Structure formats: C-alpha cells, structure tokens
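Only one structure is covered here, and it is reproduced in the block below.
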Amino acid sequence: MNTIPAAAADGRRPSGRDLSERALGALLLAPAALLLLVIVVYPIATLFWNSLHGVDNANPAAGEQFVGLKNYLTAFEDSRFWDSSLHTVLYILVTVPGALVVGLGLAMLANMPFRIKWPVRLGLLLPWALPLVFAGLIFRWFFEYNTGVVNDILRRFGVEPLQWLSDPNLAFAAISIAIVWKSSSFMALMLLAGLQTIPKSLYEAAEVDGATKWQQFVEITLPMLSPALFVALIFRTITAIQTFDIPYAMTGGGPGDSTETLAMYIHKTTLDFLDFGYGSALAALMFVLSMAATSGYLKYTRRSSGRSGED
Amino acid sequence: MKTWKILLAAALSTAFAANAMAQQTTLRIFTGGQQRPDVMRKIADEYQKRNPSVKVEVEVGGATSEAQQQYLSTVLTSKDSALDVVLIDVIRPAQWAAQGWAEPLDAYLGADRQKVMGQYLKAYVDANTVGGKVISLPYFADAQFLYYRKDLLEKYKRPVPKTWDEMMETAKVIMDGEKNPSLQGFSTAGAPIEGTVCTYLVPLWGMGSEITKGGKLNLDTPQARQPFQLYGRMKQAGVLPKNIAEIPTDRIRIDMQAGNLIFGMSWGYVWNRLENDADSKVKGKIGVARLPHDQGGQSATCIGGWQVAVSAFSKNKAEAVKLVRYLSSPEVSEMQAVMASHLPVFPSVYKDPDVLKANPWFADALPVVESARARPVSHQYPQVSDAIRSNMNAYLAGTKTTDTALADMKSRLQPIFR
Amino acid sequence: MPFGLSRRGTVWIAGLIVAANGFFPAVWILLTSLKTETELIRAPITYLPEAATLDNYATAFTAQPILRFMWNSFVVASLSTALCVLVSALAAYALTRLRLPHRNLIMSVLLAIAMFPLISLMVPLFKVMRELGLLNTYLALILPYAVLSMPVCTLVMASFFQDIPPDLEAAAMVDGCSRVGALFRVIIPLSAPGVFTAAILAFVNAWDEFLLALTMMNRVNMRTLSVGITLYQGEFAFPWPLISAALIIAIVPICILIALFQERVVGGLTQGGVKG
C-alpha cells in the first residue's frame, strides 16, 4: 500500500514491466483503499481506542476514562464472556459444516440441466433474500409450542409436543436448523457459480474412462470447486462468529443465557448497557477469535497465490 | 456525477428554505411507532395553532422500546442536535440522567416545580426525578392489571381473587369444570424480556419487600425466594401454561382474546383489544382488578408508560421545555385518553366525563395505577433488568432452581448495588 | 442413473428439493398473508386460509408508504451493488493478475474488515456520516454497504479471475486491448457467474441490512424496506398477517428481478463465453 503515491506518478512511464504493473495495481486498488479509509478505518481505530476506556460507575457523568487493558482483564474473568464465546464456537462447529453440506447439495441439485431455470434459482435465492430478523421470527413461530408447525406435525404423528424454545438443548437445535437453512442458501449461490465454470468436457472425458459418479465428484468437482468452496467457507465462518439475529429473534438468548452468543453479549453491552469501553474490548476479542478461525484459510491463499505467481 | 449535482441542489434549496423561515423555531419530537405518532401529530398541530412561531416535526422511530433505544444511543452518544424532545420509556430517566442526555428541568420550572410535580400520580413523580432533579415529565401512564373472565367467575360463583392462592384455586375449579384442554389458568410474561422483570417484582413487592433497601441489595430475605416459589407452585398445579418461559407480553392478550385464558397479568392496552377487536371472543366478559398478593401482603403492580424529555443537545431548549410542559398537561392527557385510550398521569383526569365515556374501565383502573410502583431506579437499569429477567426466565424454563436462580441474580446485581 | 430413475425424473426431483427448501417459509408467509389474525392463533393450526382475504395487502399499502420504502431500498441496493462490484472487480484483478508486493497483506486487511461486528462500529460511523453531511441521503447507506460487501465480492471475483488462462488475456492485448480493456472485455465476461454471484451478494446484503438503515435514515420518506417493515409491528403486538403481506411485497419483486436478470443477462454472457 505504501507504493501508491510513487506508483501512481509512474503510471505511464514505460520503465520496466514490474514497475508499470505495480503502478497499475496501485491505481486499481486505489478506489477500494479510499472507500475503506473513509468508511471503516476511523471507526475501527475508534473501536480499539474505546476498548482502552471505561466509565466509572460511581461517577458516570465524568465520562470515559483511560483504563489501559482493564477491560480485557475484566473479560477474562467474566464468565458470561466465556459462556457466550463457547456458545458461539458451538454454533460455528454445527452450522458451518451444516451449511456446507446442505449448500453443496443444493448447488449440485440446482446445477442440473433444467429447462426452466428460474423456479430453482428462486428457491436458492429466497432464504437469502428474506431479511435475517424476519427469518429468525418465522422460525421462532415454526418452533412455537402451541401454534408452531413443528409441534403440529409432531401431534399429528401422536408425539408429545416439545418445548423447543425453553429447553437449552432443543433451543440450540432449533436455532442451528434456522441458521443452516438461512446460510446454506449463501453457500449454494457461491458454489453454484463455481460449478458453472467447470467445463462439461471434463465429465464427458471421465465418463469415457469409466469413472463412477462418486469418482467424478471427488476427482473433478471438488478440486475444481475448491477456490469457491474456500471463499464460501471463510465467509460463512466469519458470519457464524457474528451470529446474532437468529438467536436474538428466536430465544433472546434464553432460557437464562443458555443460547446467548458473543455478538449478542456485545450488542447488549454496547447498546443496552451503554458500556462502550467494555463492549469495544469484547468486539476486539471477537476479532481475535475471527483471526484465529480464518488464519488457516489465509495460509491456503498464500500457498495458492504462490503457485499462481509462478505461471 | 449526477447524484452529486442533485444532492448539491437539494442542499442549496434547503439552505434557502431555512433562511426564509429564520424567525420560525422548528422542534423535532422523537416518538416510537407504538406511542401513537398519529395522536402526537394532532397534539403537535394543536400546539402549532397556539404558537404560530413554532413548527413541530414528529419523527417516528422503531416500533419496540429496544429498537428506539438502539437508535437513540447512537444519536445521543454522538451528541447530535437533531432531536429536541424525546419520548422515553419509564425505566429510562435514571440512565438518561447519568449519560447527560436529558436537560434537567428544575431551572426551567423554577417556582412552579412544586405545583407542577404535585399534580401527577405519585409513582410518576418518583420515576421522573433522579437524584432530586426533574429529568423528564410524564406523557402517559400504564400499569399491569389482573384481567379475568367475569363470565366464568360468575358461572362458578367465585369472587374476584384477592390472593395468589385464591386465584390458583379458582383457576383449578374452572379448568376442571370447563374440560376445555386449551383453557389455561394464569399467564404472565416469562420470556427473557422486560415484562418478565415485573413478573418477579410484583409478588416480591406484594410481600412488602424490595430488591434494594437504602441503596443496598436486599435479596437475602425469605421474601426474595417467594416469587420463584409462587410460580413453582402454579406450574405444579398446572395453572401456568407449559411453555411459560416462551410467553412474550402479547401472547397473554392473544390467549385471552381467543377465550383460552382465565386470568392474565398484563398492561393497559389489552383492555381495548379485548373489547373492540372484531375477532374478540370475550367482549363484555372481561373484568379488570388489582393483581393478587400473598396472604398477609398487599397488592402491587409495575408502572409503565412514557415520559417526555428535552435533549441536552437541543439548540432550542427553552422552546423545547415549553413544548414538553404542554405535552405533560392535563389537557393533553385528556386528549390522549379520548383518542388513544392512554391512561392519564393525573388522578383528576380519570374522573373526567369525556374520558370515562370513551373508557368506562378507567374508573376501575385508577386504584390499580395508584398502587403501582417504579422498578428499581438505577442508571444501570438495563443491567438490573437483564439480571432479573434472565434468571426468572431460566427458573420458569426449569433450567435453574430457586437457589441457583437467586444466587445468580444476586451475583449479577451485587456490583451494581454496592 | 441411480434408483432406476430416468434422467428427466432425477432432474425433476432435484428441482423439487431445491424449490421446496427455499419456498416453504415463503409459502408459509404467503398463506399467512391471506389469513385473518383470528385464524392465525387458533389451535390446532390451519394450513390453508379458511377465508382468504386481501385486506392485509390493502393495509400494508395504506398504513405505511411501502412503495416509497421499496424505491429507497432499490436505489440504495442497486447503486451500492454497482459501486461495490466495480471497485471489487478492479481490486480483485490487481490482486490476482498483477505481480504486486504485499498481496497477501492486502487480502488479509480486506478480510479483517469483514471481521468487525457492525454494532461496535455504529457510533463512529454515524459521526463520520454526520461530518460528511450525508445523514438522510442515499449516500449514507450506499457507501457503507459497498464497503461491507467489498471483502466478499473481491474474494469471490478473485477466485474466478485466478482460473482464467493468461493466454486469453494476452490474446486480447495483442488485439489492441489495454490491460483494463482486457479486464472488461475478457476477464469479467469469462467470470460472469462469479461477477453475478458477487452482485447478488452485495445486492441482498444491502436489501436486508437493518441497523445502519435504522440509524442513518431517520426521515420517514428515506426509510428502507427492512426498517419500514418493522414499523408495522407493535410494542407488544406482532401482527403476522400484515407483516407477512409486507414481506411478500418486499421479497417477491426482488427475487423475480434477480431471476430474470440471471436468465437474460448472465445466461447470455455465459453461453457466449469460450468454454467447454
């Protein structure tokens, strides 16, 4: 990034291929950099700065005071931070693979040669197009004790209705189902795009060689799909870390705090409790969690970009 | 490029327009979608008619108290001057005072202070005064009532219950007699929402106890266990809905309206829906009474309702205070009662013939509202609320016992009330 | 074919599964929007409306200026999508097809942006928009939406750009295209599914977003749909039939729009591509 000014000036000088590539690169990256600078750099800097501040509860009118790393130390002793982080990790462990499997399935089904494409495409899009808050509310209603569809079906099969939203384990299951439904659509969209770029000739050749469908899937589909797959996974993981709307709408974190996620706790701390310092520290810790979860992916891109750099 | 030009043109034209009306003061009121912005608009029109130099704009925010506070927290933390008058929930004045968001009204009220504050229902004087300062003025009142099925009580010749035990017994008798599997005995808010705080507080207050005593936490009392035990007994007797831990406020109204509930503890809005909704199966069959209490205790209830505050960042504070005083006048209280069935904040208005004609039940409502109490006043009220509701909810869901729920509640409240 | 199904049969079943999975809540909302509130709270529940009514739609149109909300959402979502896709395409091209130093660092920074919960950036973002004088203008949402979707769009397009053989680009440049010309004439058309996916993601992200829209636009006539729909809701009451009608009004046009766009535009582009 520090090459921007020099490179931009060199833009048209034909002084060696590398330099002009750099200049062009800087020029192409400039709009993105400018937008980021205006919109997110200042807020993110504020976030870190806030996380070093706190309100003295005995004297709130005095405003935020510099407290150093105190907010971070508080977090490590705050059982609610650990509990909500644990719940978040559980949601990641269940809903990321869940969305991957369901999304891949949907994408493969949707990639079949349909004569009329739009109903299938619409079926893929609808879960994604339904605003998150409402998706949560609709699923809460599905799992509602008296007037929910799920319990109605159970009753029709002669099974005792379940208290989906007031039992911690059932609530976790219900929320996970809702998240997988909503996010598998995103997965499927990303993967479908990847599937469409796989040349049909590869499968035809494999067919001639006598490869089974499963072999074709493992040998052709998965490797060809891996760039799209990784991008989809990384973003699903990042959004899973930020899981908020669906549990918020379905259980509000209940019963007790048993389904509360880290993002919900940050939301509560910041906007309800108005403790911006502590809320920012929690957000910064969430950022660390995101970094840890995605570092594996970054290693992958480093490897693959190293490879493409050679050709 | 075009967008920029349009924007520039728009900016210039508003600048000129503002210039042309320089002598006119514009005040912006923020209200939630639920506090009847249409009625607020009519009240504002009336005010403009009387004060031609003032233009009142009504800004409508999110529907729920939570959505509104999310927006207001952002705007006010940035010390934005766009809002002059803000409608706030009864639980918020202490937080607003601590954040320095509300302009204290004492200096503006001056010598009038005693006279003005003396007219309101006592609970609202307490709720709007923080540390001796008047932070906001009440706009309309609310409280939790016991709604009951008059027809069923008459059928089984039972009196309106005075105590929780009487209520449970009556509910049992009626449920056994009616043999309707969807008929439930008693319902109240049990989900992890604000209303569930009152679910805990009402029986506690009924025993004559409180969360705090002299500013210190006061939960090591036998009375502190009482609310848990009460709902535990109700659950065991089958009087509470099985999914009580999922019940949000409006579910009580829905069940009552469908004829599936004998007793319900809920806010003032329920009455109008039960009496006026086309699909109500219980029109004319509903009674309103004070909430029951334990043997030897006395009836208590939570206050609700909304207040008007002047933003500390307003550029027209003097004009804003005038508007706030108008909004919190007996005249406006009466207008609201007639147009929106909002409960008045002045005892005198409950007896107004026009108000009673529009809302005959206000006669029964006054004693209940008079017995209403404010939830614990703390600038950290959201934390207090969170500690109470999540543990009450966990108890109702059966994931915590009386001991663990109370212990967890105490450990969360301890740092706040030291 | 497995299970002795004909090829046509398999395709049909596949379509049904995808459609059913996507449609069931939408169908549920559609049915609900035709019901009355009385019918809704009845136990046992009904599936098909007993006496279908369009009243909820009439109320949805009259109780709030929903067409205005829709227009606002449309303007904000399409302009932010255009901005985001353009900026991300340039960035993705630079990151995948040019020899740049610190490429991984730039990628990481982009990803890191996506990792901050929006909620904790709200207050400073509001301040920025106020300082720029953009509150209650479309730009107050267009700019942040473009940025919020930029990481995902850049990565999606980068993953597609990466796979295009360098010869194709070289051939275009021999034909007299500049590098940027080659980007628009060769790379982007060849990655049409990727670009289209990026656009959908950006569009839907913008269409759905709630918190920013609530905060940056406080004038009623500037509200977007996701905020507007919550205005039908009560402090306590949640009128499902009415909200369902509003949701149907909100999502159906957008889905049809995207489906048509995909069929006509992207379908055409992909077929024209040098493939298979």
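The values are calculated or read from the model by the stated rules, or taken from the named source; none is laboratory data. If you're wondering where the values come from, they're calculated on a predicted model, not measured in any experiment. Methodologically, a virtual Cβ is constructed for each residue, glycine included, from the backbone with ideal geometry; neighbour enumeration extends over all protein chains shown.
Quick look at the values:
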| read-out | value |
| --- | --- |
| Matching residues, segment B:370-410, being within 9 Å of another protein chain (Cβ to nearest Cβ) and out of contact with any Gly (no Cβ under 9 Å at 6 or more places or on another chain) | B:H379, B:Q380, B:P382, B:Q383, B:S385, B:D386, B:G398 |
| Some residue of segment A:144-164 being in contact (Cβ under 8 Å) with a residue 40 or more places away in the chain and either touching a strand residue (DSSP E or B) at 6+ places or on another chain (Cβ under 9 Å) or not polar (S, T, N, Q) (or both) | no |
| Lone unmet requirement of (1) surrounded by 18 or more Cβ atoms within 10 Å (Cβ to Cβ); (2) aliphatic (A, V, I, L, M); (3) more than 9 Å from every other protein chain (Cβ to nearest Cβ) for C:A82 | (1) |
| Residue in segment B:136-157 that is under 30 Å from C:N218 (Cα atoms) and either in contact with a Lys or Arg (Cβ under 6 Å, 6 or more places away or on another chain) or among the acidic types (D, E) (or both) present | yes |
| The one condition in (1) out of contact with any strand residue (DSSP E or B) (no Cβ under 8 Å at 6 or more places or on another chain); (2) assigned to a helix (DSSP H, G or I); (3) buried (at least 19 other Cβ atoms within 10 Å of the Cβ) that B:A365 fails to fulfil | (1) |
| Residue under evaluation B:R253, criteria (1) part of a helix (DSSP H, G or I); (2) in contact with a His (Cβ under 9 Å, 6 or more places away or on another chain), criterion not met | (2) |
| Candidate set from segment C:20-50 (those that are buried (at least 20 other Cβ atoms within 10 Å of the Cβ), facing another protein chain (nearest Cβ under 7 Å) and among the small types (G, A, S)); member that is farthest from C:A60 (Cα to Cα) | C:G22 |
| Residue satisfying condition, being over 25 Å from A:T269 (Cα atoms) and at pLDDT 75 or above, within set B:A10, B:A44 | B:A44 |
| Considering residues of segment B:182-223 that are charged (D, E, K, R) and in a strand (DSSP E or B) only, the residue surrounded by the most Cβ atoms within 10 Å (Cβ to Cβ) | B:K213 |
| Residue among B:V282, B:V310 that alone is farther than 20 Å from B:E194 by Cβ and under 20 Å from the mean Cα position of the chain (by Cα) | B:V310 |
| Hits in segment C:89-124 (condition: surrounded by fewer than 18 Cβ atoms within 10 Å (Cβ to Cβ), in contact with a Lys or Arg (Cβ under 9 Å, 6 or more places away or on another chain) and either part of a loop (DSSP other than H, G, I, E, B) or more than 7 Å from chain A (Cβ to nearest Cβ) (or both)) | C:R99, C:P101 |
| Helices (runs of 4 or more DSSP H) (entirely within segment C:170-265) containing at least 2 residues that are within 12 Å of chain B (Cβ to nearest Cβ) and in contact (Cβ under 8 Å) with a residue 24 or more places away in the chain | C:211-216, C:225-230, C:240-261 |
| Residues (more than 19 Å from the chain's Cα centre (by Cα), more than 8 Å from every other protein chain (Cβ to nearest Cβ) and in contact (Cβ under 8 Å) with a residue 60 or more places away in the chain) located in segment A:251-283 | A:D275, A:G277, A:Y278, A:A281 |
| Test: residue in segment A:91-109 that is assigned to a helix (DSSP H, G or I), within 30 Å of A:F230 (Cβ to Cβ) and more than 20 Å from the chain's Cα centre (by Cα) | yes |
| Qualifying residue in segment B:27-39 (condition: farther than 28 Å from B:V197 by Cα, touching a strand residue (DSSP E or B) at 6+ places or on another chain (Cβ under 7 Å) and either β-branched (V, I, T) or in a helix (DSSP H, G or I) (or both)) | yes |
| Single condition B:V270 does not satisfy, out of (1) out of contact with any Lys or Arg (no Cβ under 6 Å at 6 or more places or on another chain); (2) in contact (Cβ under 8 Å) with a residue 40 or more places away in the chain; (3) in a helix (DSSP H, G or I) | (1) |
| Segment A:183-203, residues that are surrounded by fewer than 23 Cβ atoms within 10 Å (Cβ to Cβ) and of a type outside the set (S, T, Y) | A:L195, A:Q196, A:I198, A:P199, A:K200, A:L202 |
| Which listed residue is more than 8 Å from every other protein chain (Cβ to nearest Cβ), of a type outside the set (D, E) and either part of a loop (DSSP other than H, G, I, E, B) or in contact with a helix residue (DSSP H, G or I) (Cβ under 9 Å, 6 or more places away or on another chain) (or both), from B:K79, B:K49 | B:K79 |
| Within segment B:13-41, considering residues that are at pLDDT 55 or above and of a type in the set (V, I, T), the one nearest to C:V227 (Cα to Cα) | B:T31 |
| Only one of A:E144, A:E207, A:E160 that is in contact with an Asp or Glu (Cβ under 9 Å, 6 or more places away or on another chain), of a type outside the set (G, A, S) and over 19 Å from A:V96 (Cα atoms) | A:E144 |
| Considering residues of segment B:135-169 that are among the polar types (S, T, N, Q) and crowded, with 17+ Cβ neighbours inside 10 Å only, the residue farthest from B:W96 (Cα to Cα) | B:Q144 |
| Sole residue being at pLDDT 90 or above and farther than 20 Å from A:A178 by Cβ, chosen from A:I246, A:I234, A:I266, A:I241 | A:I266 |
